[in-house]
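Student: Please see the structure below; I have some questions.
The values are calculated or read from the model by the stated rules, or taken from the named source; none is laboratory data. Since this is a predicted model, take the numbers as computed values, not measurements. Note that we place each Cβ from the backbone using ideal geometry, even for glycine, and neighbour counts take in every protein chain shown.
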Amino acid sequence: MPADISERCNTIEECYEFMLAYAAQGLPAEGGSASGARIREFLNRAVNAISGLSECCAMAVKRQSLEPSERYEAFVAVVDRDARDSLAAIELVLAQPSISSQLIDNLNASIHLRALLTDLFLLSDIFRMNVRASAESVRK
């Protein structure tokens with residue numbers, strides 16, 4: 001997987017994992033705990049990682065000359081849609097004056113962020129397989 005996409009994926013995944021732990025704490029608000037002080041940091045990092053993600057994926061598909069191109073373009077549109085939906089949900093949470101564990105639990109339960117991560121895992125596998133296949137054809 002291209003480094004930029006991999007880095008973005010790791011950031012989103014770290015945020016998701018942090019949110020799972022935060023939700024389990026049962027905090028009524030973000031104040032007064034170490035993880036509460038960090039929840040907005042993780043969410044903002046995820047927003048930055050998600051912003052422009054589909055464009056990075058589209059460029060990677062073109063650089064690797066993946067075919068049939070229309071199939072990849074259609075999937076990049078799915079990534080774009082899931083990224084926009086994820087951004088909307090995260091930004092809604094960030095707009096709140098306080099972020100409780102329950103609010104994060106509901107964000108975790110929404111399908112948007114999980115769908116985006118699954119999209120990225122799928123692309124990662126495809127990129128990895130393509131690189132392997134290209135290396136094998138060069139060796140032959």
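Student: Looking only at the stretch 23-74, count every residue that is under 27 Å from S101 (Cβ atoms), among the hydroxyl-bearing types (S, T, Y) and at pLDDT 95 or above and tell me the total.
Tutor: Residues that pass the stated criteria total 1.
Student: Same structure again: Looking for whichever is over 18 Å from C9 (Cβ atoms) and surrounded by 13 or more Cβ atoms within 10 Å (Cβ to Cβ) here; the options are S69, S86, S110, S98. Which one fits?
Tutor: Values: S69 fails: surrounded by 13 or more Cβ atoms within 10 Å (Cβ to Cβ); S86 fails: over 18 Å from C9 (Cβ atoms); S98 fails: surrounded by 13 or more Cβ atoms within 10 Å (Cβ to Cβ).
Exactly one of S69, S86, S110, S98 is over 18 Å from C9 (Cβ atoms) and surrounded by 13 or more Cβ atoms within 10 Å (Cβ to Cβ), namely S110.
Student: Now for a separate question. Residue under question is S98, and the condition is that it be among the polar types (S, T, N, Q), touching a residue at least 24 places away in the same chain (Cβ under 8 Å), out of contact with any strand residue (DSSP E or B) (no Cβ under 7 Å at 6 or more places or on another chain) and not in a helix (DSSP H, G or I); does it hold?
Tutor: Considered against the rule, which asks whether it is among the polar types (S, T, N, Q), touching a residue at least 24 places away in the same chain (Cβ under 8 Å), out of contact with any strand residue (DSSP E or B) (no Cβ under 7 Å at 6 or more places or on another chain) and not in a helix (DSSP H, G or I), S98 comes out as yes.
Student: Just to check your reading of the model, which residue among P68, P28, P97 is under 30 Å from V131 (Cα atoms) and not hydrophobic (A, V, I, L, M, F, W, C)?
Tutor: Working: P28 fails: under 30 Å from V131 (Cα atoms); P97 fails: under 30 Å from V131 (Cα atoms).
P68 is the lone residue from the list that is under 30 Å from V131 (Cα atoms) and not hydrophobic (A, V, I, L, M, F, W, C).
Student: A further question on this structure: Return the only residue of R63, R71, R114 being under 27 Å from Y22 (Cβ atoms) and among the basic types (K, R). Walk me through it before giving the result.
Tutor: Values: R63 fails: under 27 Å from Y22 (Cβ atoms); R71 fails: under 27 Å from Y22 (Cβ atoms).
Testing whether each residue is under 27 Å from Y22 (Cβ atoms) and among the basic types (K, R) leaves just R114.
Student: Now for a separate question. Among the residues of the stretch 60-86, write down those that are assigned to a helix (DSSP H, G or I) and touching a residue at least 24 places away in the same chain (Cβ under 8 Å).
Tutor: First pass over the stretch 60-86, keeping only residues assigned to a helix (DSSP H, G or I): 60-63, 69-86.
Those that are assigned to a helix (DSSP H, G or I) and touching a residue at least 24 places away in the same chain (Cβ under 8 Å): A60, R63, F75, V78, V79, D80, D82, A83, D85, S86.
Student: Ok, one more. Out of all the residues in the stretch 1-50, which are part of a helix (DSSP H, G or I) and among the polar types (S, T, N, Q)?
Tutor: Looking only at the stretch 1-50, we keep the residues that are part of a helix (DSSP H, G or I), and these are 3-24, 34-50.
Selection gives S6, N10, T11, S35, N44, N48.
Student: Can you find a residue in the stretch 51-58 that is over 18 Å from Y16 (Cβ atoms) and outside any helix (DSSP H, G or I)?
Tutor: Kept after step one, since they are over 18 Å from Y16 (Cβ atoms), are these residues of the stretch 51-58: 52, 54-58.
Checking the rest, the ones that are also outside any helix (DSSP H, G or I) come to 52.
Checked against the condition, which is being over 18 Å from Y16 (Cβ atoms) and outside any helix (DSSP H, G or I), the stretch 51-58 yields at least one hit.
Student: Condition (residue is surrounded by 14 or more Cβ atoms within 10 Å (Cβ to Cβ) and among the small types (G, A, S)) applied to the stretch 117-130: is it met by at least one residue? Give the derivation first.
Tutor: Narrowing the stretch 117-130 to residues surrounded by 14 or more Cβ atoms within 10 Å (Cβ to Cβ): 117, 119-120, 123-124, 126-127, 130.
Now drop any that are not among the small types (G, A, S), which leaves 124.
Yes: the stretch 117-130 contains one or more residues that are surrounded by 14 or more Cβ atoms within 10 Å (Cβ to Cβ) and among the small types (G, A, S).
Student: Can you find a residue that is of a type in the set (A, V, I, L, M, F, W, C) and touching a His at 6+ places or on another chain (Cβ under 9 Å) anywhere in the stretch 95-111? Before you say what the answer is, go through the steps one by one.
Tutor: Applying the first criterion (of a type in the set (A, V, I, L, M, F, W, C)) to the stretch 95-111 yields 95, 99, 103-104, 107, 109, 111.
Cutting the leftovers down to touching a His at 6+ places or on another chain (Cβ under 9 Å) gives us none.
No, the stretch 95-111 contains no residue that is of a type in the set (A, V, I, L, M, F, W, C) and touching a His at 6+ places or on another chain (Cβ under 9 Å).
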